[in-house]
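Have a look at the structure below, then the notes.
The values are calculated or read from the model by the stated rules, or taken from the named source; none is laboratory data. All of these numbers come straight from a predicted model, not from anything done at the bench. Virtual Cβ from ideal backbone geometry, glycine too; neighbours counted across all protein chains shown. Just the protein is used for accessible areas: all its heavy atoms, side chains included, with ligands, DNA and RNA removed. Shrake-Rupley method; radii C 1.70, N 1.55, O 1.52, S 1.80 Å.
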Amino acid sequence: MTNKQRLWMYVGLIIALFLIALIFAAPKLPTAVPAASFFAKFPYKLGLDLKGGAHLIYQADTSQVPFADKQSAINGVRDVIERRVNAFGISEPLVQTNQSGDEYRVIVELAGVFNVDEAIKLIGETPLLEFKTQNPVADAPLTEEQKQQLIKDNETVLKSAQEVLVQSHAPNADFSALAKQYSEDPGSKEQGGDLGWAKKGVFVPEFDKAIFETLKAGETTKELVQTQFGYHIIKKIEEREVEGAAKGEPEKEVHAAHILLRTIAEQDISSQVDPWVNTALSGKQLKRASVQFNSQTGEPNVNLEFNDEGSKLFAELTGANIGKPIAIFLDGQAISVPTVQEKIEGGSAVITGRFNIKEARTLAERLNAGALPVPIHLIAQTTVGPTLGSLSLNQSLRAGMIGILIVMLFMILYYRLPGIIASFALLLYASIVLVLFKLIPVTLTLAGIAGFILSVGMAVDANILIFERLKEELKAGRDLPTAVEEGFKRAWTSIRDSNFSSLITCAVLMWFGSSVIKGFAVTLIIGILSSMFTAITVSRTILKAIALTGAKRHLWMFGYHRIETKSGDMKM
């Protein structure tokens, strides 16, 4: 393959990349587009200011917390709120803390949440830390009273099942309607009890015997079929032969439906008993938790310190539960379930568990959140409506599109053919950035879109440097292919230094900035890296390919005029 053929092959790949990126970046595709359902799985993630939602600011009361423990307690509160918000089912909530002097605040942003009262009710409670032991009742056999109740309940189920069985054999009986009315199988109830096609071995043996041996196609069981799940009324709809596991040997497959009335098992009664029982020990008796390292293994552990009352309670608990677990619950969720090795006295204990440092620190902060109760009070709330968010998004996108079009117009008018190539590279750049926003994914805010639009100008900067160097090389008398190659080499150092300086600035913004500033920095970083790719690779490849065509005889298309003087010299 010649160099010219290789260059045009690269140009073809770039055009293919552009088309794929353009389809991927589209917010919504017509269903007629191939793989439209696949691309729809990657929507844009919009932030609070674009999607709308709730912005809540809480004041944390740290007056009762020792100064050295305040930051840990605030981090614990933030962690608790994140857990509560996640339980609320919110996508990508933002929970952050802010310190101003001696005051600590917790800022919560819930994109897409407009029922603020419910969100406030969920968030605005002081963390609750509890120590619980195993409930002996959970593993105990059923009492005689429970056994009698179990028998009585299942007799009621049997009676109901027999009544449904009679209805299923009535003239003109609608099996599907009976299943929708009476069946307790959530997987088939809405389909009228239809279980689809199945081979032998899919169902429990009692069920298989009925549909593969007892019933004929179209028949319904005349007696109830009892399995571990309850009483079944089974209808065999049809059967067929399919190719079995052994090639050439047909195997029977049955299409069946059923009505299930569930019976109650002993395990069902046992599972209704809470496996954990509360103790008198709580976060009130825990002074603090901290991370410490094992002097022999170097592994991080979590150290607990109790007050005098807690020391006595903890000694009693550990003494009575040697070899058994004591669970620590925060807001009703177990955060640690250590097993007691021996009776612990003295008010100090260590939780070991082969933690890494991050896991140990997180557990200590959660314990401190309950040990050092930090009440939080709502001091401000703002609701961003979806209409306002949509308006902001539309205005931002319109500004971005107008900016790109103006830049493209300027590049084409001033640089002519290179300007057209730069415009194509700019469109490819925008498509790639939008695809990356979807794939990473990046939560888009107004600040993030600002970072994207700013990087558009920087993407053009690289092309301008390259084209000006190209002109200088042509002015020096070099032919077009050589001028293109040398122009890129001379412009590269300036492009590299400029973009690396911007990347360093972005890194600083991400390190020290707030969430909004970080969003701006992230989108700007993606834009800078993408612009370097399109300017250095895309523009260069296309320009080198064109330089090998007849365009090299028409330098005016590159914004350059070579005039021969009377002395035979060439000038621009």
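A 22 angstrom limit on the alpha carbon distance is what I want to check against. Which of Lys152/Lys180; Lys489/Lys544; Lys180/Lys222; Lys438/Lys518; Lys147/Lys209 exceed it?
Lys152/Lys180; Lys147/Lys209
Give the lysines reachable from Lys324 as a straight Cα distance under 22 Å; neighbours fewer than 8 places away on the same chain don't count.
Once the sequence-local lysines are set aside, what remains near Lys324 is Lys132, Lys312, Lys343.
Along the charge dipole of the chain, which of Thr62, Asn154, Phe175 sits closest to the positive end, that is, farthest toward it, with unit charges on the beta carbon of Lys, Arg, Asp and Glu (+1, +1, -1, -1)?
Farthest towards the positive pole: Thr62.
Name the residue from Gly101, Ala380, Ile449 whose Cα lies farthest towards the positive end of the charge dipole of the chain, charges +1 on Cβ of Lys and Arg and -1 on Cβ of Asp and Glu.
Ile449
In whole Hz, what ³J(HN,Hα) sequence does the stretch 229-235 give by Karplus (6.51, -1.76, 1.60; θ = phi - 60°), x for Gly and Pro?
So the Karplus estimates, Gly and Pro as x, are 8, x, 9, 10, 10, 10, 10 Hz.
Specify the angular offset, from 0 to 90 degrees and rounded to the nearest 10, of the alpha carbon long axis of helix 446-475 from the longest principal axis of the alpha carbons in the chain.
30
Using +1 on the beta carbon of Lys and Arg, -1 on that of Asp and Glu, and nothing else charged, what's the dipole of the stretch 404-506 about the Cα centre, debye to 20?
With only Lys, Arg, Asp and Glu charged at Cβ, the dipole is about 100 debye.
Can you list the residues, at least 5 places off or on another chain, whose amide H is less than 5 Å from the amide H of Glu251, using H built in the peptide plane?
Val242, Glu243, Gly244
If I fit a long axis through the Cα atoms of helix 3-25 and take the longest principal axis of the Cα atoms of the chain, what angle between them do I get, 0 to 90°, rounded to 10?
40
Restricting attention to the alpha-carbon atoms of the chain, what are Rg (one decimal) and Dmax (integer), both in Å?
My reading of the Cα-based Rg and Dmax gives 35.6, 121 Å.
Against the longest principal axis of the chain, how steep is helix 308-320, in degrees 0 to 90 to the nearest 10, with axes from Cα atoms?
Value to nearest ten degrees: 60.
State to the nearest 20 debye the size of the charge dipole of the stretch 1-96 about its Cα centre, where the only charges are +1 on K and R beta carbons and -1 on D and E beta carbons.
560
Stick to Cα atoms and the Kirkwood definition of Rh, then tell me Rg/Rh for the stretch 8-139.
1.22
Amide H neighbours of Trp276 under 5 Å, counting only residues 5+ apart in sequence or on other chains, H built in-plane at 1.01 Å?
Asn135
Which of the listed residues, Ile326, Tyr415, Leu363, is farthest toward the dipole's positive end in the stretch 296-424, when Lys, Arg count +1 and Asp, Glu count -1 at the beta-carbon?
Selected residue: Tyr415.
Let me know the whole percent of all Cα-Cα pairs from the stretch 310-468 that are separated by more than 18 Å.
Value for the stretch 310-468: 75 percent of Cα pairs lie more than 18 Å apart.
Starting from the amide H of Val350, placed 1.01 Å from N in the peptide plane, find each other amide H under 5 Å away whose residue is 5 or more places distant or on another chain.
Answer set, sorted by chain and number: Leu304.
Once phi is turned into ³J(HN,Hα) by the Karplus curve 6.51 cos²θ - 1.76 cosθ + 1.60 with θ = phi - 60°, what whole-Hz value does each residue of the stretch 415-421 show in order, with x for glycine and proline?
Per residue, the Karplus-derived 3J(HN,Hα) values read 10, 6, 4, x, x, 5, 5 Hz.
For the stretch 200-214, in order, what is each residue's ³J(HN,Hα) by Karplus, 6.51 cos²θ - 1.76 cosθ + 1.60 with θ = phi - 60°, in whole Hz (x at glycine and Pro)?
Along the stretch 200-214, the couplings run 5, x, 6, 9, 5, x, 4, 5, 4, 4, 5, 7, 9, 10, 8 Hz.
Assign unit charges at the C-beta atoms only (+1 for Lys and Arg, -1 for Asp and Glu), then state the dipole size of the chain relative to its Cα centre in Debye, rounded to the nearest 20.
3580
Return one whole number: the accessible area per residue of the chain in Å², for a 1.4 Å probe.
55
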